[in-house]
Structure formats: structure tokens, C-alpha cells
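> Submitted below is the structure of interest, expressed as C-alpha cells.
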Amino acid sequence: MKGSLFVRIRELLSTAKRILRRRPKGRPSEARKPVIGSYVSRILSDAILFNETQCSTDRENRRLDFIVLRFSEIGYANPQVDECGNVSIVIPASRTTDDHALLFADIGSGTDSPSDYLVTLEAGRARGRGLAENSVGVAALLVLAEYIAAAGLSYDRNLVLLFSSFDPGRQEAQPLERFLQEWKGRFLFAAYVRSLTLGRIQERPMGTCKLSVTARTEQRDLMGVRGAASAISVLAAVASRLGSIRWDSENNTFLNIARLEAGAGFGWYAAEGVLELEIFSTEASALEVARKAVTATIGNIAAEAGASTEVTVKTFYPAGNAEMNAGLNDALRRVYARLRIKPQPTSVPDHSAFINSLGIPSVSLGITTGSRSLTEESVDTRPIEAGFRQLLGFLDETAGRGGGGVA
């Protein structure tokens, strides 16, 4: 089994090196510094291997085993694995300090079907379910640890590298939340390392409330009572009416219909369906008002159609704190300027907003670009180098580097 894994790694590294841009060789004085190009190839191969661990039915354990094994290969002897499934290491600072910087990646919740996670490589692109969601961010954080060790980098603050999960639909305590609550030290800031969104900066943080609406109507034959509402027509009416509402005069609150799924296909009556929607707002109070209005509107439409509905709050992110994160965003802008990455102001909530709610400044760092649709996910391979350099540059700006270098 191990032999086949090593063969797979060699194949992926070879393919990745052919696909990714080659960097010019450094000057003779830089010969002892690790060249970033090989590490960029490793990000792609690790992302693919991690993604494909989800093809197994015991994928949750395999994800953790993959991370622990990679740490062992890199030379970190004792990664910590807690009862919640968090894996972490601490890279000591170059001096004695109680200050810690947290870099974390989401390993996924393991609730999806284990199929369709195999990856296809093309010129400039990799395709596979899961790549755009978690896998590239996980791989980048693993390779960061490897690069720090190889380059002999040291920082003025202790670095904590964490692999955790944050499932919006999870009712019990979140692994990420548990880790932060039980951590004994002090985090000066946190950075969420994710697959996509390279170049984006959260200048106008927003909160979000994600809702899942299940609609059920009476089971009927296709040629049964004509004109009777189906789950599709009920949910379509909900989407149409909610989409026409103006939530506030300043347009600081808006709604997105994320997914609508109902029916089994041609020849079958749709008696059950699911609608997923999200409400965004810069104000927590407005977010709650909108949630109540959405729930009431859904109830009224269901009553009119004679359907039953169930509304579940999947997650409730408070709005991030722009003032708290200002220093991190300024650092990120300086890094982008050096790397000639055009900043893209954005307001889409993510895990960094949750970190803010715990009183910790936070920022999100996308490693590459790509796309995600109903049928597929893909990541662009060429921007990965810029994404990795962004990660190293951000640490130089915020954690203070005491030695080493980047080739």
C-alpha cells in the first residue's frame, strides 16, 4: 500500500512540474536556499492526494492520517491530535515569547458522498470535487511547514499550524471552536488558508445567516389532482417572493438563493424538495430581522399551497470587525503590491468572521483561483506560486522573520 502511495506521489510531482511554470534558477549566492518551484509542485500533488483520501468510506480518519504522515515525513515528530479531530503543530519563535500566530485550514466535515473526488489534471487546471473547497488550502499549509523547516526560517512569534473543521450544519461544538477555547496561550491574529480567493481582501465585512428549507407536499401520481402544488412550485414561489424584497434602504442587507433541488426527474411528481439560501448584512440586528422575515414569508407561502415546510438555521456568522482586521489587511496589501497581485475588495463572510467573534483579528488567504459549479470544481494551477509567496510574505509582515530567505 505504501509503495503504491509513493509511486502515486512521484507521478503527481512529475506531472505537476510539467504543468506549472518553471522559475528561473537563482544566483549562485542563493544556491543554498530552497527554490520555491519544487514546493509549489508539492502543493499540487499534496492537494490531489489529500482530495483522493475522501474517496474512502473511512475518509475522516484517512484525512487525519495523511496530515500526520506528512508531518512525520517533513520532520515534525509529535503533531498533536485531539479528541475533536484537530491536528496541530507549534513552530517555536526565534526568541522567548508568549505571542502566537494561528494559521489554519479546514479539512472538511466528511458529510458528502465519498465518490467523485478523483482529480483530473489539464494544462493550467486541476478538476475534482473538493479541490476548490478545502484541499489546496490544506496542502499549502502542509508545504508551508515543510518549507519553513528546509529554509531554516524563524519568526519572532510562535506559529501554530492547525488543521480543523468547521461544519455550518453541525449542532454540537465545532472542532475549531473547541481548539480555540482550550488553547492556553494568546493568539495575536489568525489566518484562514483556503483554496480559492487569491487576491481578495475583506474590506467591508458582512455577517451571514444560512438557512435550509425543506418543503413537503402530498404524494401523488403524476396525473393526479391537476393544479395541486408540488414541492418545486412551493420552493420556486418562496425564491421568487424573497428575491423581490428590498431589505433596507441602504442595501446593506441582501439575500442569495444558493441551491434549489427537488424531484426525481421526468415522470415523477416532486413531493419533497430543499432550498438553501443565505442572508448577508453588515449589521447583526438587521441579519436577525431578515431571518425572522424570511421564516415568516416561507410559512405564509406554504400555508397558501397546503404544503409543510421546515426551516433550519445551518449557520449564523456575525459580521467581521473591519477595525480589528485593519492591520492585517494593510499587511496583505503590501504583500500584494510586491507580488503585483491586484487586490479585490470583497464582502463574502467566511471562517475569519467567526474568529473575529472570539476577539481575534483574522484574515483569509486564498492560494489560487478557480471555479465551483453544480457539476464540477476546478482550481487554476499557475497562480499557486503567487499564492504560496503571498503566504510567506504575509508571515514576514505579521510574524517577523528572524532568519532564512525565499529563493
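> Can you give me the long-range amide H partners of Leu365? Hydrogens built in the peptide plane at 1.01 Å from N, cutoff under 5 Å, separation of 5 or more residues or another chain.
Sorted by chain and number, the residues that satisfy this are Tyr192, Val193, Arg194.
> For Gln344, enumerate residues with amide H under 5 Å from its amide H, sequence gap 5+ or separate chain, H modeled in the peptide plane.
The list, which skips near neighbours in sequence, is Arg200, Ile201.
> Taking a label point 7 Å from the Cα of Glu283 along the Cα→Cβ vector, which residues of the stretch 344-379 have an amide N closer than 20 Å to it?
Once the point is set 7 Å along Cα→Cβ of Glu283, 347-349 turn out to lie under 20 Å by backbone N, inside the stretch 344-379.
> What ³J(HN,Hα) values, in whole Hz, does the Karplus curve 6.51 cos²θ - 1.76 cosθ + 1.60 give for the stretch 71-79 when θ = phi - 60°, with x put for Gly and Pro?
Rounded to whole hertz, the list is 4, 5, 5, 5, x, 8, 6, 10, x.
> Further question: Give the cross-link partners of Lys342 among the aspartates and glutamates, using a straight C-alpha distance below 20 Å as the criterion and excluding same-chain residues fewer than 8 apart.
Cross-link targets: Glu203, Asp330, Asp380, Glu385, Asp396, Glu397.
> If you don't mind, there's one more thing I want to ask. Using a Förster radius of 35 Å, what is the FRET efficiency between Arg125 and Asn256 based on their Cβ-Cβ separation? Nearest 0.05, please. Spell out each step's value before the answer.
Values: r = 26 Å, r/R0 = 0.75.
Calculated value: 0.85.
> Applying the Karplus parametrisation 6.51 cos²θ - 1.76 cosθ + 1.60 with θ = phi - 60° to the phi angles of the stretch 238-247, what ³J(HN,Hα) value in whole Hz is obtained for each residue in order, glycine and proline being reported as x?
Whole-Hz 3J(HN,Hα) from phi for the stretch 238-247: 4, 4, 5, 5, 5, x, 8, 7, 9, 7.
> Turning to a different aspect of this structure: Please rank Cys209, Cys84, fewest neighbouring Cβ atoms within 10 Å first, as an exposure proxy. Mind showing how you got there, number by number?
Numbers: Cys209 23, Cys84 16.
Ranked by crowding around the Cβ, least crowded first: Cys84, Cys209.
> In terms of the ratio Rg/(2.2 N^0.38 Å) built on C-alpha atoms, what value belongs to the stretch 243-382? Before the final figure, lay out the partial values.
Working: Rg = 19.4 Å, N = 140, 2.2 N^0.38 = 14.4 Å.
Normalised Rg, Cα atoms only: 1.35.
> Can you give the FRET efficiency for Thr312 and Val81, using 1/(1 + (r/R0)^6), R0 = 30 Å, r = Cβ-Cβ distance, to the nearest 0.05? If you can, show how the numbers build up before the last one.
Working: r = 31 Å, r/R0 = 1.03.
Between Thr312 and Val81 the formula returns 0.45.
> Using the Cβ atoms and a cut-off under 11 Å, what net charge is assigned to the surroundings of Leu277, where Lys and Arg are +1 and Asp and Glu are -1? Please list the in-between numbers first.
Details: positive: Lys210, Arg259, Arg291, Lys314; negative: Glu276, Glu278.
That works out to +2.
> Another one. Tell me which aspartates and glutamates have Cα within less than 18 Å of Lys292's Cα, excluding those fewer than 8 residues away on the same chain?
Once the sequence-local aspartates and glutamates are set aside, what remains near Lys292 is Asp248, Glu276, Glu278, Glu283, Glu310.
> Let me ask another. Under a point spin-label approximation (7 Å from Cα along Cα-to-Cβ), what is the Ser371-Phe266 distance to one decimal in nm?
Output for this residue pair reads 2.7 nm.
> Taking the Cα centre of the stretch 207-317 as origin, work out the dipole magnitude from +1 charges on Lys and Arg Cβ and -1 charges on Asp and Glu Cβ, in debye rounded to 20.
Working: 10 positive and 12 negative charges, 27 e Å.
Once rounded to the nearest 20, the dipole reads 120 debye.
> Along the stretch 125-130, what does the Karplus equation 6.51 cos²θ - 1.76 cosθ + 1.60 (θ = phi - 60°) give for ³J(HN,Hα), rounded to whole Hz, x for Gly and Pro?
These are the phi-based 3J(HN,Hα) values: 8, 10, 10, x, 4, x Hz.
> Averaging the inverse of every distinct alpha carbon separation and then flipping it gives the Kirkwood radius. What is it for the stretch 207-317, in angstrom units?
Details: mean 1/r = 0.0688 Å⁻¹.
It is 14.5 Å.
> What is the fewest-to-most order of Thr346, Thr312 by other Cβ atoms lying within 10 Å of their Cβ?
Sorted ascending by nearby Cβ count, the order is Thr312, Thr346.
> 5 Å is the cut-off here: which amide hydrogens, built 1.01 Å from N in the peptide plane, fall below it relative to Thr253, excluding neighbours closer than 5 in sequence?
So Thr253 has HN proximity to Asp248.
All of the numbers you see were taken from the coordinates with simple rules; none came from a lab. Worth saying up front: this structure is predicted, and the values here are computed from it rather than measured. Neighbour counts are summed over all protein chains in view; Cβ atoms, including those assigned to glycine, are modelled from backbone coordinates with ideal geometry.
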